[in-house]
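The values are calculated or read from the model by the stated rules, or taken from the named source; none is laboratory data. Since the structure is predicted, the reported quantities are computational estimates derived from the model, not experimental observations. Here the Cβ positions follow ideal geometry from the backbone for every residue, glycine too, while neighbour counts run over all protein chains shown. To get the accessible areas, we keep the full protein, side chains included, count just its heavy atoms, and leave off ligands, DNA and RNA. Shrake-Rupley method; radii C 1.70, N 1.55, O 1.52, S 1.80 Å.
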Amino acid sequence: MNISDGELMEGILERGGYEIVRAPEDADVVLVNTCAIREHAETRVLGRVSQLNGLKRERPDMVIGVTGCMAQRLGETLLDQAPYVDLVMGPDGYRGLPDTLGRLERASSSRSRPRGLADPDTGAIRVAPGGPGRIVERRSKRGPQLAVLQLDMDENYQGLEQRRAIGPSAWVPIQRGCDHRCTYCIVPYVRGGEKNRSAIDVLAEIRALAEQGVTEVTLLGQTVNSYVWNGVGFPALLRDVARVDGIRRVRFTSPHPNDVTEELVSVMADEPAVCEQLHLPAQAGNDRTLKRMLRRYTVESLLDKVDMVRTAVPDVALSTDIIVAFPGESDDEFRDTLELMRAVRFDEAYTYKYSARDGTPATRLPQADFVDPLEAQARLEQLIEVSRAIQSEINAGEVGRVEEVLVEGEGRDDGQIRGRTRRNKVVVFDGSRDRLGDYTHTLLKRTTGATFVGSEVGAKEPATVAV
Ligand code: SF4
């Protein structure tokens, strides 16, 4: 979602007269787009903006902005923590980004106008439609500072175009925000409630992408499969997307297990373009923990979903997210999570230690419930060991298969390229970088555990887009 939001901001800024440059050293405005899910990510952002402050000392006109979920979460306090930051903007402020930067520039008596801010024809500062939302304006001794923090249920990002990298794959957000309230999760507080885009617009966008040569789309949403717009539910939208001429692969992330329905699974089974891959965030393998996380399902119902998906799509690759050391998780309850991993045998697991996020209900659990950090680390390591061993076994069993691969980029070694199978497995094989966007078939020759080394077999299909 953050990659997609970055593309959205680039699109908005480009239409606002800005030029996108590659390096902060060349930029008049640097925006650091952020995630608030875990404390570690936020700490890294503070380190990054502190580095940028080094550049700003040499060029005081440079604008440093922090955007996204961390910006929304910390709001004006971020301006106190990092006084060299000029702009703090939450996810619903992006539409007004050029206007906000213009306002910041106008408020600055000492700054020269940042390059690209003026309309190239008239020299006037452009104002984006919709306006910038609630703005908190301050003046520090370094100059003006702005915080744009309003969460707006009417902001559905309609009509805003992303500036996508040219290539065969595209992220397509169909939903923002979340109506769940998992007790560990900050997302509903920084992105607001669920907002779904018009299915008509989503399909028009995907048709346009296909005409430009995009062959793979990933539909994005916080609980993407709860999507509903004017009576069009997610399975119907997925079917329509899968039938767009030129689209060969459709993925979606992240679904909520409760909205994995028979209807959805039958679309996955019936539509050739929908990839045999499903991310099913389990989070824990114990009912008491799941209940206290407010995940709204039980281990049994989750296993039923797994059975349903595997019955309909036997070759499906499943991935998951797991949080260990949720406050109050006992040793036995943690062992239940390991059991779940062994029972389901996910192809891939994204594993995390519980990270307390201010304002979320879990932080108000009794202090005595919080798992000792060393114990939390030990559980994480144990979980990683189990999930990696399962992944290695699954992948070793797939050696010898021939899989269709979409070439995504260069491999680590010279002369190698990297592609992805329909089941979302990464394969590295010999080839040149001009193959980006090609579809080809590879024999999976060996696995490193997480990825495969392959060799091409059979016909090659060149990319449909110049990349
Ligand atoms: S479903 Fe739960 S974990 Fe996922 S974004 Fe919503 S609140 Fe967070």
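The residue of the stretch 307-331 that is most open to solvent (accessible area, probe 1.4 Å), among those that are without any contact (Cβ under 8 Å) to a residue 40 or more places away in the chain and within 26 Å of residue 37 (Cα to Cα), is 331.
Checking each residue in the stretch 418-447 for being without any contact (Cβ under 8 Å) to a residue 24 or more places away in the chain and either of a type in the set (Lys, Arg) or part of a loop (DSSP other than H, G, I, E, B) (or both) picks out 418, 420, 432.
Residues that are touching a helix residue (DSSP H, G or I) at 6+ places or on another chain (Cβ under 9 Å) and open to solvent by 10 Å² or more (accessible area, probe 1.4 Å) within the stretch 226-241 comprise 226, 228, 229, 230, 232, 233, 235, 236, 239, 240, listed in sequence order. Scanning the stretch 270-282 for residues that are in a loop (DSSP other than H, G, I, E, B), of a type in the set (A, V, I, L, M) and more than 16 Å from the ligand (Cβ to nearest atom) turns up just one, 273.
Any residue that is open to solvent by less than 40 Å² (accessible area, probe 1.4 Å), aliphatic (A, V, I, L, M) and part of a loop (DSSP other than H, G, I, E, B) - is there at least one of those in the stretch 377-399? Scanning the stretch 377-399 turns up no residue that is open to solvent by less than 40 Å² (accessible area, probe 1.4 Å), aliphatic (A, V, I, L, M) and part of a loop (DSSP other than H, G, I, E, B). If the condition is being farther than 21 Å from residue 354 by Cα, surrounded by 15 or more Cβ atoms within 10 Å (Cβ to Cβ) and free of Cβ contacts under 8 Å to residues at least 40 places away in the same chain, then the stretch 264-304 contributes 264, 267, 271, 273, 274. In the stretch 204-226, the count of residues that are among the β-branched types (Val, Ile, Thr) and within 24 Å of residue 31 (Cα to Cα) is zero. Do you know which residues across the stretch 361-376 are of a type in the set (Val, Ile, Thr) and surrounded by 18 or more Cβ atoms within 10 Å (Cβ to Cβ)? 371 - this is the single residue of the stretch 361-376 that is of a type in the set (Val, Ile, Thr) and surrounded by 18 or more Cβ atoms within 10 Å (Cβ to Cβ). Applying the criterion of at least 3 residues that are open to solvent by 60 Å² or more (accessible area, probe 1.4 Å), over 21 Å from residue 174 (Cα atoms) and free of Cβ contacts under 8 Å to residues at least 40 places away in the same chain to the helices (runs of 4 or more DSSP H) found wholly in the stretch 1-102 leaves 39-58, 76-81. Consider the stretch 29-85. How many of its residues are over 23 Å from residue 360 (Cβ atoms), in contact with a strand residue (DSSP E or B) (Cβ under 9 Å, 6 or more places away or on another chain) and among the basic types (Lys, Arg)? Residues in the stretch 29-85 being over 23 Å from residue 360 (Cβ atoms), in contact with a strand residue (DSSP E or B) (Cβ under 9 Å, 6 or more places away or on another chain) and among the basic types (Lys, Arg): 2 in total.
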